[in-house]
Number of protein chains: 2
Amino acid sequence: MARRSFPLSKVYGLLEPGPVVMVTTACGGQANIMTLSWLTMMEFEPPLAGCVVSDRNYSFGLLKATGECVISIPAVEIAEKVVGCGNTTGAKTDKFKKFGLTPLPASKVGAPLIEECFANLECRVIDTSMVDKYGLFILEVVKAWIDPSVKNPRTIHHRGRGNFTVDGKRIRLKSKMK
Amino acid sequence: MARRSFPLSKVYGLLEPGPVVMVTTACGGQANIMTLSWLTMMEFEPPLAGCVVSDRNYSFGLLKATGECVISIPAVEIAEKVVGCGNTTGAKTDKFKKFGLTPLPASKVGAPLIEECFANLECRVIDTSMVDKYGLFILEVVKAWIDPSVKNPRTIHHRGRGNFTVDGKRIRLKSKMK
């Protein structure tokens with residue numbers, strides 16, 4: 001990934017459309033990946049996002065223990081790898097190896113970036129008060145990267161049970177909304 | 001809208017893809033609409049969703065006061081009305097009238113359904129503990145409706161500053177994920 005620093009003020013535009021993302025965590029030299037769609041923006045700047053992680057996920061423990069992760073946004077070209085990561089548990093499998101994904105060192109957190117994703121957001125957990133009740137981690141994006149060689153990436157959106165929508169046409173409407 | 005009751009167990013498949021939605025509220029005979037993208041599923045069943053509403057929105061007060069709303073999901077055909085609702089404040093405007101949207105009585109909450117939307121989800125606020133800090137309302141969907149006459153609705157996804165993606169191709173991948 002020819003990566004370029006991406007302004008934190010524009011991160012909401014990457015997550016607000018609701019793409020399926022991959023979230024990486026790392027602890028003790030071992031990194032894991034989970035696939036996730038239960039994510040919302042919560043603040044523009046510094047960018048905050050809320051993500052819901054089931055405690056049945058292997059990544060739940062890593063995220064809780066380290067307080068760090070990377071949100072990686074895949075385009076449709078690697079959809080099968082994304083779904084593969086969602087169907088496998090990191091307790092038994094090195095998902096980077098199994099699915100041919102490449103970990104890259106992040107700059108501010110211990111979790112790795114994923115080279116094959118067009119955007120990578122380094123995050124720190126800033127609020128765990130809703131973790132026990134809802135599995136809701138509140139994250140601050142502390143550094144964002146995009147791959148400038150990827151033009152108009154088309155993300156995938158999960159509709160349940162293996163059904164996805166791929167980004168189609170882009171439209172522009174007169175709007176005062178940020 | 002020829003409406004049909006929709007199973008609560010399938011609601012996540014409507015919200016998880018991250019569409020722009022409209023949220024209606026009502027108080028004292030007055031109804032309002034806000035446009036919103038900061039929303040995530042939080043539980044499958046009963047379906048819980050978290051939505052972030054700025055206290056600068058007129059709807060914030062109505063939602064806090066009544067503890068009820070309807071999440072209405074529009075398809076691309078009414079995208080201009082959706083953006084219009086996002087660009088206008090309900091403090092001064094009857095948005096139903098201004099944008100030619102039709103309120104219909106809900107069955108379990110005081111807020112209205114929107115006839116022109118292909119899905120309407122009646123919601124009750126069940127947790128306000130994160131409202132003061134983050135504007136996060138946790139909602140339980142108590143009744144869901146779809147318009148069975150709308151086949152394969154294409155939703156819109158907000159990328160910021162008037163830029164939207166429209167649903168494109170649907171794909172199916174072998175997945176064990178719910």
Quick one: count up the residues across the range B:36-78 that are over 30 Å from A:D132 (Cα atoms) and either more than 13 Å from every other protein chain (Cβ to nearest Cβ) or crowded, with 24+ Cβ neighbours inside 10 Å (or both). 2
Can you name the number of the only condition in (1) surrounded by fewer than 19 Cβ atoms within 10 Å (Cβ to Cβ); (2) at pLDDT 95 or above; (3) within 17 Å of A:G18 (Cβ to Cβ) that A:I126 fails? (3)
Can you find a residue in the range B:98-105 that is under 29 Å from A:I138 (Cα atoms) and touching a residue at least 40 places away in the same chain (Cβ under 8 Å)? no
Restricting to the range B:30-78, name every residue that is among the small types (G, A, S) and touching a Leu at 6+ places or on another chain (Cβ under 6 Å). B:A49, B:G50
So the check is Cβ under 6 Å with 6+ separation or different chains; which pairs have a first residue in the range B:148-175 that's more than 7 Å from chain A (Cβ to nearest Cβ) and at negative phi and a second one that's in a strand (DSSP E or B) and of a type in the set (K, R)? B:P148/B:R4
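The values are calculated or read from the model by the stated rules, or taken from the named source; none is laboratory data. Just so you know, these numbers come straight off a predicted model, no measurement behind them. When we count neighbours, we look across all protein chains shown, and the Cβ atoms used for this are built from the backbone with ideal geometry, even at glycine.
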